[in-house]
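Read-outs: derived from the displayed coordinates by stated rules, not from any lab. Remember, it's a predicted structure, so these values are computed and weren't measured experimentally. Backbone-built Cβ (ideal geometry, glycine too); neighbour counts: all protein chains shown.
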Amino acid sequence: MNAVFSSLLSALFSCFRTRARMQIEILALRHQLNVMQQRGKKRPSLGAVDRVLWVWLSRVWAQWRSALVIVKPETVIAWQRKGFRLYWTWKSRAGKTGRPGVSREVRELIREMSRANPLWGAPRVHGELLKLGVEISQATVAK
């Protein structure tokens, strides 16, 4: 009984998958027709939204290359790679890069503590700074 139910369920899902693939192909072809009609006799140029659509289609639909007529498939792959590079460029620049800077007051405090207590090393000075509420690395104190 379970085998029959699972085979019926898989057959039902395969019908939906083929219908979804057909709908995606219709979407792709209609999009190309709209682009060609809007441009008239001029060479068709795709905007940013059109490029995003084709990049999305290339990820979702395995046979996207067969329906693509107005641009080369290599162009769509290049758009996808460019978007990937732009995303990671933005992502890496979003926050501050490198180590955070140490304020002048904290540097002067470290120097003053080390001059006043010449037998203290970096770990001891770091511990005293932590007691004062100054969050700083021990390696930074040592430098």
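Numbers for the structure displayed
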item	result
Cβ-defined net charge surrounding Val76, 13 Å radius [Lys, Arg +1; Asp, Glu -1]	+4
Simple spin-label estimate for Glu135 and Val102 in nanometres, 7 Å along Cα-Cβ	1.7 nm
Net charge, Arg65 excluded, C-beta distance under 11 Å - Lys, Arg +1, Asp, Glu -1	0
Label point distance in nm, Thr18-Gln63, each placed 7 Å from Cα along Cα→Cβ	1.1 nm
Neighbour-count ranking [beta-carbon atoms within 10 angstrom, fewest first] of Val35, Val49, Val60, Val125	Val49, Val60, Val35, Val125
